[in-house]
Amino acid sequence: MSTHTINGSTLLLQQGNIVNVQADAIVNAANAALAGGGGVDGAIHRAAGPTVMRECRQIGGCATGSAVATGAGNLPARYIFHAVGPIYQDRGNEPQLLASAYQTCLNLAEEHQLQSIAFPSLSTGAYGYPLHLAAPIALRTVITHLQQPTSLKQVYFILFDQRTLQAYQQALRKLLGGD
Ligand code: AR6
């Protein structure tokens, strides 16, 4: 685990399972159909219960690079933000789409005046985004956001395995080391 203070807010990197995290919002790595699936999406829907899938069906879908909010069902959060990261195909626009998925969640947090939000590592599982490329995009988007006025006091990255945690820690060291 590592914590960093950015402009009075806390950025925390931690290995764990996001379904157990108490935060105002947790972020899901969803698909554009909001249809559920494996990985963190499967874990969140299993733990949250059927009300969340019902809300997703009503919403109907979400563009890649964007996110939508639902309630959190049985989870210890107030909201789930279902973010759709890009499938990594090396077409060139993936960095913008990935940053935009994170940014939309941060904007939703501001709209709801949330104090805490927990992210998984979007796109780096089934969607194949290389970790060493995705981690700095995720972190840069959050850090830039925290450098401006914000309701957010805590931003967590809940990283499922050691390898992902290490990639984020390394990327954060580089970003904060000044470049
Ligand atoms: N908590 C935190 N992180 C997790 C958890 C968990 N419980 N479970 C897995 N991860 P992925 P994507 C990590 O595949 O690449 C789904 O089928 C995982 O180790 O969940 O954005 C959706 O329906 C990896 O580091 O999301 C979409 O179709 C990270 O979460 C598609 O996969 C993201 O892996 C989205 O793919």
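Before moving on, here are some points about what is shown:
- Verdict on Ala43 being within 15 Å of the chain's Cα centre (by Cα) and surrounded by fewer than 19 Cβ atoms within 10 Å (Cβ to Cβ): yes
- Any hit, segment 53-67, residues being surrounded by 20 or more Cβ atoms within 10 Å (Cβ to Cβ), part of a helix (DSSP H, G or I) and touching a Gly at 6+ places or on another chain (Cβ under 6 Å): no
- Screening Glu110 with (1) out of contact with any Phe, Trp or Tyr (no Cβ under 8 Å at 6 or more places or on another chain); (2) surrounded by 17 or more Cβ atoms within 10 Å (Cβ to Cβ) gives one miss only, at (2).
- Put simply, of Ser100, Ser116, Ser123 the only residue that is within 14 Å of Leu11 (Cα to Cα) and surrounded by 15 or more Cβ atoms within 10 Å (Cβ to Cβ) is Ser116.
- Every residue from segment 83-128 that is within 10 Å of the ligand (Cβ to nearest atom) and in contact with an Asp or Glu (Cβ under 7 Å, 6 or more places away or on another chain): Pro86, Tyr88
- Subset of segment 18-62 [hydroxyl-bearing (Ser, Thr, Tyr) and near the ligand (Cβ under 6 Å from one of its atoms)]: none
- Applying a threshold of 7 Å to beta carbon distances and a minimum spacing of six or more residues, or different chains, the list of pairs starting in segment 10-22 at a residue that is more than 14 Å from Ile117 (Cβ to Cβ) and modelled with pLDDT of 95 or more and ending at one that is assigned to a helix (DSSP H, G or I) and within 9 Å of the ligand (Cβ to nearest atom) reads Asn17/Ala43; Val19/Ala43; Val19/Ile44; Val19/Ala47.
- Selected residue (criterion: nearest to the ligand (Cβ to nearest atom)) from residues of segment 5-17 that are surrounded by fewer than 20 Cβ atoms within 10 Å (Cβ to Cβ) and hydrophobic (A, V, I, L, M, F, W, C): Leu12
The values are calculated or read from the model by the stated rules, or taken from the named source; none is laboratory data. None of these values were measured; they are calculated from a predicted model. Using ideal geometry, Cβ is built from the backbone for each residue, glycine included, and neighbour counts are taken over all protein chains shown.
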